[in-house]
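The values are calculated or read from the model by the stated rules, or taken from the named source; none is laboratory data. Computed from a prediction, not measured in an experiment: that's the story for all the values here. Quick reminder, even Gly has a Cβ in these numbers, built from the backbone with ideal geometry, and neighbours come from all protein chains shown.
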Amino acid sequence: MQPKTPKLLEDIRDAAAFVRQTVRGCTIDDYRRDRPLRQAIAPNLEIIGEAVDRLARLDPDTAARISKYRQIIAFRHV
């Protein structure tokens, strides 16, 4: 494991936990209607995608253990 790997994994975990907590109980329609909610979630999805991308370049073996990691990286451009 590369020295920066734990920090990247922590960034991913923290951003994912925030997203999960924030959207708990929300429907997709709630998300579409609520601009502040979208603005809170979007940067965290970008953080996850960027951290996974860095992890894939730095420590590909660890990144490969994240299911659909390439899709996560690509999603930050959606």
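Values for this structure:
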item: So Pro6, is it exposed (fewer than 11 other Cβ atoms within 10 Å of the Cβ) and part of a helix (DSSP H, G or I); result: no
item: Inter-residue pairs, beta-carbon under 6 Å, first closer than 9 Å to Leu55 by Cβ and modelled with pLDDT of 95 or more and in segment 1-16, second surrounded by 15 or more Cβ atoms within 10 Å (Cβ to Cβ) and of a type in the set (Ser, Thr, Tyr), 6+ apart; result: Thr5/Thr62
item: Flag if Ala51 is under 12 Å from the mean Cα position of the chain (by Cα) and under 16 Å from Pro6 (Cβ atoms); result: yes
item: Options Leu45, Leu37; residue that is surrounded by 13 or more Cβ atoms within 10 Å (Cβ to Cβ) and over 15 Å from the mean Cα position of the chain (by Cα); result: Leu37
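Conditions tested, residue by residue: (1) under 21 Å from Glu10 (Cβ atoms); (2) aliphatic (A, V, I, L, M).
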| site | (1), (2) |
| --- | --- |
| Arg33 | no, no |
| Ile47 | yes, yes |
| Asp53 | yes, no |
| Ala64 | yes, yes |
